[in-house]
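I have placed the structure first, in the form of structure tokens, so that the comments after it can refer back to it.
Nothing in this text is a laboratory measurement; each read-out follows from the coordinates by a stated rule. Quick caveat, the model's predicted, so the values are computed rather than measured. Note: ideal-geometry Cβ built from the backbone for every residue, glycine included; neighbour counts use all protein chains shown.
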Amino acid sequence: MVKSVRLSGDSVLPAIGQGTWYMGENASQRRQEVAALQFGLDQGLTLIDTAEMYAEGGAEEVVGEALQGRRDRAWLVSKVYPWNAGSVDAMAACERSLRRLKTDYLDLYLLHWRGNVPLEETITAMESLQQSGKILRWGVSNFDRDDMAELLAEEGGHACAANQVLYHLASRGIEYDLIPACQQWQIPVMAYCPLAQGGRLRRELMTHPLLQQIAQQKSISVAQLLLAWVIRKDGVIAIPKASSVQHVAENAAALEVVLNAEDLVLINQAFPPPESKMPLDVV
Ligand SMILES: NC(=O)c1ccc[n+]([C@@H]2O[C@H](COP(=O)([O-])OP(=O)(O)OC[C@H]3O[C@@H](n4cnc5c(N)ncnc54)[C@H](OP(=O)(O)O)[C@@H]3O)[C@@H](O)[C@H]2O)c1
């Protein structure tokens with residue numbers, strides 16, 4: 001059975017979507033990136049996550065190309081720089097994103113991280129964008145529990161439709177308080193870097209003997225195990241970035257991987273859950 005997540009009441013989406021950071025950086029990769037995103041849509045990876053920051057708009061252009069003739073099949077998320085999240089600049093930033101994405105609306109618009117613009121002003125800007133039909137919902141990214149509590153205390157804050165934060169097996173801090181709080185508030189958590197992105201941590205996970213053993217027993221890859229682990233919790237959606245059809249196919253198949261209680265006990269022994277508050281990890 002495919003694991004799904006309810007996003008802001010009306011949308012139920014498969015619990016794995018597609019990230020786009022580092023797409024649009026290199027013209028020679030563009031065709032492959034477009035093909036990977038389109039293949040992902042065909043496989044049911046409906047949510048596509050991008051941002052004005054990625055390749056300074058280049059990733060949004062790749063997504064725009066991938067969505068030609070397919071816009072209605074995607075659930076499109078983009079993000080605004082904190083310094084563009086004020087009452088005047090948000091409208092212009094969103095319009096620039098929409099132009100690059102070759103669409104007239106976003107399903108979700110996120111504040112990329114918290115900056116100097118007061119939350120109250122960002123909420124008002126997001127509400128104006130919603131009223132103009134340019135975005136259907138808004139949310140935040142890189143908000144820890146206290147930031148979320150502040151947001152929810154603002155008038156209109158409860159309309160926040162998601163919080164996108166770093167979460168993978170080697171970074172479990174948000175399990176201590178942020179995930180339970182978001183579950184209680186019924187605000188979905190969008191897990192970025194679910195495969196630990198790159199570098200040392202990723203190598204450690206991919207080559208970890210226990211993970212390799214569990215993956216082998218299930219005839220899956222370690223990447224699929226990592227994704228299945230991230231989405232095991234209710235209300236969590238993972239957005240791995242994959243720029244090859246092969247990786248996208250693997251990631252889509254991870255929606256059907258089931259981890260049993262014994263797997264989870266073994267994984268907890270090797271990667272213990274947090275026992276106290278930890279600072280929110282960011283990249
Ligand atoms: N809100 C924020 O501040 C924030 C921060 C970071 C990321 N994000 C979002 O979250 C998305 C995901 O995070 P991320 O891109 O940083 O890291 P990630 O998804 O954890 O890792 C991406 C890496 O994993 C590889 N990969 C994908 N599928 C694979 C598979 N099945 N087997 C082996 N390797 C695989 C990709 O390779 P290939 O590309 O070669 O396929 C790429 O090198 C981003 O793209 C972005 O949309 C948001």
Query raised in the report: With contacts defined as alpha carbon pairs under 8 Å and 6 or more residues apart, what's the relative contact order of the chain in percent?
Result: 22 percent
Query raised in the report: Going down the list Lys79/Lys241; Lys102/Lys233; Lys3/Lys241; Lys3/Lys218; Lys134/Lys233; Lys79/Lys233, which pairs span over 26 Å between their C-alpha atoms?
Result: Lys102/Lys233; Lys134/Lys233
**Report entry** Among Thr122, Thr207, Thr50: highest mean-square fluctuation, GNM of the chain, C-alpha pairs under 10 Å
**Finding:** Thr207
Requested in this report: Enumerate by residue number the trypsin sites (Lys or Arg not before Pro) in the stretch 196-283 meeting two conditions: DSSP loop (anything except H, G, I, E, B), and at most 13 other Cβ atoms within 10 Å of the site's Cβ.
Outcome: Lys277
Report task. Would you mind counting up the charge near Gln68? Only other residues with Cβ under 15 Å from its Cβ, with Lys and Arg at +1 and Asp and Glu at -1. Result -> +1
Query raised in the report: In whole percent, what relative contact order does the stretch 98-241 give with Cα contacts below 8 Å and a gap of six or more residues?
Result: 19 percent
Requested in this report: For Ala242, list long-range residues whose amide hydrogen, built 1.01 Å from N in the peptide plane, is under 5 Å from its own amide hydrogen.
Outcome: Gly19
Report task. Extending each Cα 7 Å along its Cβ direction at Lys102 and Ser244, get the distance between those two points in nm, one decimal. Result -> 2.7 nm
Query - Label point 7 Å beyond Cα of Glu155 along Cβ direction - residues of the stretch 109-132 with amide nitrogen under 20 Å - result: 117-132
Query raised in the report: Which residues make up the longest stretch of the chain that has no GluC sites (Glu not before Pro) in a DSSP loop with at most 12 other Cβ atoms within 10 Å?
Result: 1-154
**Report entry** Antiparallel bridge percentage (DSSP; both residues within the stretch 152-283; nearest 5)
**Finding:** 10 percent
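Pairs of alpha-carbon atoms within less than 8 angstrom and 6+ residues apart define the contacts here; what relative contact order does the stretch 43-85 have, in percent?
53 percent
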**Report entry** Residue-count net charge about Pro240 - beta-carbon cut-off 11 Å; Lys, Arg +1, Asp, Glu -1
**Finding:** -1
Report task. Only loop residues by DSSP count here, and only those with at most 15 other Cβ atoms within 10 Å; note down the trypsin sites (Lys or Arg not before Pro) in the stretch 38-73 that meet that. Result -> Arg70
Report summary line: Largest fluctuation, Val265, Val80, Val230 only, Gaussian network model of the chain with Cα springs under 10 angstrom, belongs to Val265
Report task. Please figure out what share of the DSSP beta bridges in the chain is antiparallel and state it in percent, rounded to the nearest 5. Result -> 20 percent
Query - Between the stretch 227-267 and the stretch 1-54, the alpha-carbon center distance in angstrom - result: 15 Å
Requested in this report: Take the chain, connect every pair of alpha-carbon atoms lying under 10 Å apart with a spring to form a Gaussian network, then pick out the residue of Ala125, Ala59, Ala252 with the largest mean-square fluctuation.
Outcome: Ala125
